[in-house]
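Worksheet: the structure to be examined is printed underneath.
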Amino acid sequence: MSHPPDFAPGTAWRYSNIGYIVAEMVIGTVTGRPWPEEVRRRVLDKAGMRDTTWPGTAPTLPHPHARGYHEFAGGVLTDVTEQVIVDGGAAFVSTTADVNRFFRALLGGRLLRPAQLAEMTRTMPLGPEFEELLPGARYGLGLFERPLPCGGTYWSHPGGGSGYTSDNGVTRDGRRSVAVSVSGTRPDIYVRHQHTVDTVVENALCASGRN
């Protein structure tokens with residue numbers, strides 16, 4: 001708190017995983033219960049996410065799970081599957097099916113009151129520094145709004161780290177969604193990699209017929 005803010009609230013945007021840690025602290029203070037318990041009660045159970053877990057400080061991941069590989073210096077892919085992440089930014093282990101259930105429940109209005117969802121989907125531009133990675137994207141509260149090549153926009157929260165890349169998308173009414181998980185990351189082609197998985201998501205959302 002000794003540092004001044006980067007900008008006045010509502011005037012710009014920066015992504016910060018520290019924000020999730022602050023949110024965890026707020027949840028614990030307000031409810032008197034651990035944040036994973038509140039996420040389970042308020043989100044996972046309501047959305048029917050049966051295969052999503054919080055490993056906590058366990059040294060291994062629950063099975064079954066995908067394996068992740070990251071290319072460090074030297075061009076060798078290293079198995080980085082067993083990563084212990086305990087903060088709310090990336091601590092839950094899920095499946096693509098459950099990710100779809102989450103986004104459909106969220107945009108379908110089953111997790112938040114209308115006013116809360118409206119606030120969450122009130123967006124602002126990301127800024128020129130993110131234009132190459134996420135062209136045309138805007139950011140709300142934990143949600144990206146992104147343009148579709150067939151017209152309109154969709155909502156998502158792509159992400160990744162050592163060993164994995166995930167991408168997803170859902171229509172504004174929550175009726176159509178797609179989730180993609182890719183094992184293996186190379187920092188030198190990260191932008192091209194992101195654009196490739198974005199194309200998979202966009203093609204699925206723009207395709208005709210049922211998903």
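FYI, it's all coordinate maths here, none of it is from the lab. The structure displayed is predicted, hence computed values, not measured ones. So basically every Cβ, Gly included, is an ideal-geometry build from the backbone, and we count neighbours across all protein chains shown.
Before moving on, here are some points about what is shown:
- Vicinal HN-Hα couplings computed from phi for the range 128-134 (Karplus, 6.51 cos²θ - 1.76 cosθ + 1.60; Hz; Gly/Pro x): x, 5, 10, 5, 5, 6, 10
- Contact order for the chain, expressed relative to its length and based on alpha carbon pairs under 8 Å spaced 6+ residues apart, stands at 18 percent.
- Cβ-placed point charges (K, R +1; D, E -1), dipole of the chain about Cα centre in debye, nearest 20: 960 debye
- Taking amide H as placed 1.01 Å from N in the peptide plane, the amide H of T153 sits under 5 Å from that of L148, each at least 5 places away or on another chain.
- Distances between placed amide hydrogens fall under 5 Å for Y139 paired with M124, L126, E145, all partners being 5 or more residues away or on another chain.
- Remark: S181, S2 ranked as S2, S181, counting other beta-carbon atoms within 10 Å and listing the fewest first.
- Per-bin percent of Cα-Cα distances, the range 1-100 [10 Å]: 12, 32, 32, 20, 4
- Helical mean residue ellipticity (222 nm; -39500 (n - 2.57) per DSSP H run of 4+; nearest 500) of the chain: -8000 deg cm²/dmol
- A simple count of charges around R104, restricted to other residues whose Cβ falls under 10 Å of its Cβ and scoring Lys, Arg +1 and Asp, Glu -1, yields +3.
- Amide H to amide H, with H built 1.01 Å from N, T81 comes under 5 Å of G68, counting only residues 5 or more places away or on other chains.
- Karplus-derived 3J(HN,Hα), 6.51/-1.76/1.60, for each residue of the range 113-120, Hz, glycine and proline x: 5, x, 5, 5, 5, 4, 5, 5
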